[in-house]
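Colleague: Pasting a structure here, questions to come.
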Amino acid sequence: MLNPEQDHIIALLIHVEGLVQGVGFRPFIYRLAKQYHLNGWVVNRTDGVTLKIEGQAKHMPFFVEDLRYKAPVVAQIEEISIDQDIPEGITGFQILASQDLTGETSEISPDIAVCPDCLYDMSHQPHRIAYPFINCTNCGPRFSIIRDFPYDRKNTTMATFDMCPVCNAEYTDINDRRFHAQPVACNHCGPAYSMTVGSEIVTGLPEIMDRIISLVRSGGILGLKGIGGYHLACDALNEEAVNRLRHLKRREGKPFAVMFKDLDSLKQYAEVSGTEEAALLSWHRPIVILKTIQPLAPGITLGLDTLGAFLPYMPLHHMIFDRLGLPAVVLTSGNLADEPIIIDNPTALHTLASLTDAVITYDRDIFNRVDDSVVRVIGAKERISRRSRGYVPVPVKLGFDVDGILAAGAELSNCFCLGKGNRAYLSQHIGDLKNLETFTFFEETLGRFKHLFRIEPHTVAADMHPDYLSTRFAQKLGIKRIEVQHHHAHIASCMAENGVDEQVIGLAFDGTGYGSDGNIWGSEFLVCDLKDFIRMGHFEYMPMPGGDKAATEPWRMGLSLLYQAFGQDILGLDLPVIQQTDPAIIRMIITAIEKSIHCQLSSGMGRLFDATAAISGICLHARFHAEAPMRLESNVISGIHGHYDFTISETVSVLPAVRQICADISSGVAPGIVATKFHNTIAEASFRMAQKIRDEKGIQKIVLSGGTFQNKYLAELLENKLVKDNFTVYTHARVPCNDGGIALGQLVIAARRK
Ligand code: ZN
Ligand code: ZN
Ligand code: FE
């Protein structure tokens, strides 16, 4: 079809699907057409971008090649279809008004960090000098402001701002960087900041900036409206301010994220590898979990050896750091305890104004709430653990149809997932559904996704857990419902992300998931495909004295595991968990275990980590989810290779290890050495079990999923062992391995079972 020798006039009709809207794609096409002397038009449609080009045949291959490979950095082209068309003698190249083909839909861009060109313009363009809402076709808010499709200004929360003549001239000038940049704005016509300090309202950015700088420098706490929600901010080196912030947020122990002025400042405080640097500087601008070199205020991480760090992504962040003279600011989500991050101005002023020294807001609405995303580099690969701003709503493309299926997700770190055609749209991080406000956020977001992507589900997939609020929600929908086992969903999620569609060995390690036998699972060795699974093995069950309480009180799991290893004798053990617990309570726990009173059985890897953290004296009481496993990992000393003993049959027993751990702790071996050898034990036992299953089933492909694999040391150790032994190992990257990724697994399993 494309013969470069020809210089006669031909026409092509090209349709491009993928992330091609709101990312400067049409101006790019325009410039490309000009470059190759082609005429025609381009139009945004709900199902992608369509263009017609006419011109000499010899130019066409170059145009198509550039279209594929020179597209704007944020664009992600998934499919290009090219058809010969009839030349109509079109003159010039035009961008036509968007067409709404209700029912079909293309992709919506995630929010994009402010670009270097815009930062430059802030000190050079007369109408945008120090304008904090500057943006262009390559950067700015997207998903957070979009109400409807297609992506045009009238369908965003910028609709209420009328462009001034200068902005309008740029918006309509095809040669301008802001041509069709939907949120285009300037000092004369766009959104503006205001600041509430007590009963005083401050307007005018110079005055607001002065106040921000002096407040942060003097230890103040600010409420600050971001892209996807409000933040709370304070000087990251001011211990008093950090502690006050912790108190205000009613957050006892969870580490705070810290925004650094720039990469150089960050490198003073944390180790940054090449992959980590790329993640930090990417337009997604996630929080990256890094290894600490030098602590900031101790109250930020409370003794953990890692730090959640990110770099400025809004113009105001840059402006603040330019003047602040400090290397880092705590920037934590503006919410109380477990509530969703605040997005609307009245709530912020009502809730945050009384808690903080000032609230800085602006008059453009955030429509879709998006928290900061979190990634960690494990095995030189960037892996997401909270998927929100900068990533959502890019879909996962599958090799098969999932149309009309809703997956309701898990409960604690809920994300839901909707299928359209062969695409899976995972929602942004929703949170813990047990919180009423969070559940409302879930329902509201589901409604918005259904509308934005034009999906009306006919089938719903949900977890088997009868008490998950997501499961109960699914039951009430009155459509066909498919129940999916939690750990099977974890593995299927990782398979779907990697395009694996055959029988695999699956290792699903996490804290809690409802098992098919009614017990709580969480260290599962499965053989499965996308339809069914067989449970091949697991780490041995442990009673959880006190039920759910055992998940937040590691000392209970410590006593449970000790009882299994030593029986009644545990009272005489020389261990911190025994010495620091009332003997009467220990006896009560023993009775509960012996008589199976309120003692559900769990094979949860998280519980085994809890127990070990307690036995080794590293963490007896947890103040936030997964604190004990995080502290155990934080104590790991690299370079220690030994492991403790274990036995493998149908199940893995670590009771020999428990006895060795107790002997080590009693004889004064450092808890860090114990923690390391424990990690090594889990990796070695898991590796041996995987080998056993491979020998039995002849399956080489192994899939790792579940929240435990957020543990960098364990994940790297186990993955290396498996790769060296010729397993083909699949892990998550773009989809969380924790319960935030489970909806994708539910979705594909439901599609296969339908
Ligand atoms: Zn820009
Ligand atoms: Zn303007
Ligand atoms: Fe899970």
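Colleague: As a test of the formula, what do you get for the chain when each DSSP H run with n ≥ 4 contributes -39,500 (n - 2.57) and the sum is divided by the residue count, at 222 nm and rounded to the nearest 500 deg cm²/dmol?
Modeller: -9500 deg cm²/dmol
Colleague: Report the net charge of residues surrounding residue 483, where surrounding means a beta-carbon distance below 12 angstrom and charges are Lys +1, Arg +1, Asp -1, Glu -1.
Modeller: Net charge in that neighbourhood comes out at +2.
Colleague: In whole Å, what three semi-axes, largest first, describe the equivalent ellipsoid of the chain built from its Cα gyration tensor (square root of 5 times each eigenvalue)?
Modeller: Square roots of five times the eigenvalues give 47, 33, 22 Å.
Colleague: Let me have the relative contact order for the stretch 169-222, percent, based on Cα pairs under 8 Å that are six or more residues apart.
Modeller: Relative contact order here is 15 percent.
Colleague: Something else now. Between residue 566 and residue 350, what FRET efficiency comes out of the Förster formula 1/(1 + (r/R0)^6) with R0 = 51 Å and r the beta carbon distance, rounded to 0.05?
Modeller: E between residue 350 and residue 566, to the nearest 0.05, is 0.40.
Colleague: Please compute the contact order of the stretch 539-705 in relative form: average sequence separation of alpha-carbon pairs under 8 Å and at least six residues apart, divided by the residue count, as a percent.
Modeller: Relative CO of the stretch 539-705 lands at 25 percent.
Colleague: Once label points are set 7 Å from the Cα along Cα→Cβ at both residue 597 and residue 647, what is their separation, rounded to one decimal in nm?
Modeller: That separation, rounded to one decimal, is 3.1 nm.
Colleague: Based on the alpha-carbon gyration tensor of the stretch 358-400 and its eigenvalue square roots a ≥ b ≥ c, which shape applies: rounded if a/c is under 1.5, prolate if not and a/b is larger than b/c, or oblate?
Modeller: Oblate, because a/c is 1.5 or more while a/b does not exceed b/c.
Colleague: Would you kindly compute the Cα radius of gyration of the stretch 108-191 and its largest Cα-Cα separation (Dmax), both in Å?
Modeller: For the stretch 108-191, the Cα-based Rg and Dmax read 11.8, 34 Å.
Colleague: Per residue Cα convex hull volume for the stretch 560-681, in cubic angstrom?
Modeller: 112
Colleague: Still on this structure, I have one more. Filter the chymotrypsin sites (Phe, Trp or Tyr not before Pro) in the stretch 394-484 down to the DSSP loop ones having no more than 14 other Cβ atoms within 10 Å, then list what survives.
Modeller: 400
Colleague: Please list, by residue number, every one of the trypsin sites (Lys or Arg not before Pro) in the stretch 542-600 that is coil in DSSP and has at most 13 other beta-carbon atoms within 10 Å.
Modeller: Hits after loop and neighbour filter: 595.
Colleague: For residue 532, put the label point 7 Å out on the Cα→Cβ axis and report which residues of the stretch 688-711 keep their amide N under 17 Å from it.
Modeller: Label zone hits: 697.
Colleague: Could you check the spin-label model distance between residue 88 and residue 440? Points 7 Å from the Cα along Cα→Cβ, value in nm.
Modeller: The two pseudo-label positions are separated by 5.0 nm.
Colleague: Expressed in nm to one decimal, what extension gain is obtained for the pair residue 275 and residue 243 from 0.36 nm per residue of sequence separation less their Cα-Cα distance?
Modeller: Using 0.36 nm per residue and subtracting the Cα-Cα distance, I get 8.3 nm.
Colleague: State, to one decimal in nm, how far the label point of residue 267 lies from the label point of residue 7, with both points 7 Å from Cα in the Cβ direction.
Modeller: Here the answer is 5.4 nm between the modelled labels.
Colleague: How high is the relative contact order of the chain, in percent, counting Cα pairs under 8 Å that sit 6 or more residues apart?
Modeller: 11
Colleague: Moving on. For each pair in 397/754; 70/267; 34/58; 420/480; 225/450; 397/724, compute the distance between the two Cα atoms and list the pairs where it is over 21 Å.
Modeller: Where the Cα-Cα span goes over 21 Å, the pairs concerned are 70/267; 225/450; 397/724.
Colleague: Tell me, what is the FRET efficiency for residue 76 and residue 293 to the nearest 0.05, using R0 = 45 angstrom and their Cβ-Cβ distance as r?
Modeller: FRET efficiency, residue 76 to residue 293: 0.80.
Colleague: Restricting the count to DSSP beta bridges whose residues both fall in the stretch 9-95, what percent are antiparallel, rounded to a multiple of 5?
Modeller: Percentage antiparallel, nearest 5: 90.
Colleague: Rounded, prolate or oblate: pick one for the stretch 9-95, where a ≥ b ≥ c are the square roots of the eigenvalues of its C-alpha gyration tensor, a/c under 1.5 means rounded, and failing that, prolate if a/b is larger than b/c, else oblate.
Modeller: Note, shape of the stretch 9-95 comes out prolate.
Colleague: Based on the Cβ-Cβ distance of residue 666 and residue 552, what FRET efficiency does E = 1/(1 + (r/R0)^6) give at R0 = 22 Å, to the nearest 0.05?
Modeller: 0.25
Colleague: Give me the number: length gained by fully extending residue 728 to residue 210, i.e. 0.36 nm times residue separation minus the C-alpha to C-alpha distance, one decimal in nm.
Modeller: Full-extension gain reported as 180.8 nm.
Here, each number is a calculation from the coordinates, and none is a lab measurement. This one's a predicted model, so the numbers in the text were calculated from it and none came from an experiment. No Cβ is skipped: glycine too gets one built from the backbone with ideal geometry, and neighbour counts run over all protein chains shown.
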